[in-house]
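Just so it is clear, none of the values below were taken in a lab; they were calculated from the coordinates. The structure displayed is predicted, hence computed values, not measured ones. Neighbour counts run over all protein chains shown; Cβ positions are idealised from the backbone, glycine included.
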Amino acid sequence: MSHHPLKALIVEDDHDTLITLCALLSPYYIVRTANTVQDALPILETTDIAIALLDIHLPDGNGIALCDSLRRRFPDMGIIMLSGEDITPTKLKSFSHGADDYMTKPYSPLELIARMQRLTRKMGQQEPGFLSYHDLTLNPATGEATRNEINIHLRPKEAAILSLLMRHSERTITTSTLIRSVWAGEADTGTLLATMKNLRAKIDKPFPQHYLHTVRGYGYVLTFKVPQLSNTSVSTAESYQ
């Protein structure tokens, strides 16, 4: 039985960082974003947020003060501070004001996801559920997939790519978005091509119906139809906000 994904809030004023985080989290969570404290408040009032990622330095306030407020109002919410400050006093202040975790930029995308999932388990939240597309299913948390009732084990990067494509099936995900999401921009197209080749060998090659398609010059799409650029939506990370 599949479950509805948890909702995550990102409060971050840097546009590029926000786009990267949206692309990274979209396969696992329903993502809400805010650039300022004031932008975050109405989202918190109307949305059941399970976990929040807070930048410390915001244009209209301090992320640690926001963390303190959230902890008082939403005691079950998971809170992770994201900061370029790798100094002990800032970390200790964050923890004393209610933060559950603290990550220093730049951070490993896979480590961030792992910490978020560990935190939601600790808080008693239900983890993001299975994704499905026709006879293909994927557990994003473990990388275990099935197709036509055959078990398939995926490596972390393969699972991250497939998660993103399944969450946005029938829509082309650009090459740059995949690299930004899966490798935090620290890879090239050759690495993506090699990983896609391995993923196709596991997901498509053993079966007559192929789902993973290349839209040349743009990216990749998960679909049971042969894609045509004229009628295939092209998605970038900006679409996930």
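In what sequence do Ser169, Ser181 fall when counting other Cβ within 10 Å, fewest first?
Values: Ser169 17, Ser181 26.
Result, fewest neighbours first: Ser169, Ser181.
Within the listed set Leu138, Leu41, Leu112, the residue fluctuating most in the Gaussian network model of the chain (springs between alpha-carbon atoms under 10 angstrom) is Leu41.
Mean-square fluctuations from a GNM of the chain, with a 10 angstrom spring cutoff on Cα atoms, peak among Ser69, Ser176, Ser83 at Ser69.
Take each peptide in 17-26, 58-67, count the other Cβ atoms within 10 Å of every residue, and average; sorted highest first, the result is 17-26, 58-67.
Provide the convex hull volume over Cα atoms per residue for the range 131-240, in Å³. Before the final figure, lay out each step's value.
Details: hull volume 10.7 nm³, N = 110.
Enclosed volume per residue, from the Cα hull, is 97 Å³.
Mind giving me the FRET efficiency for His15 and His210? R0 is 41 Å, r the Cβ-Cβ distance, nearest 0.05 is fine. Calculated value: 0.70.
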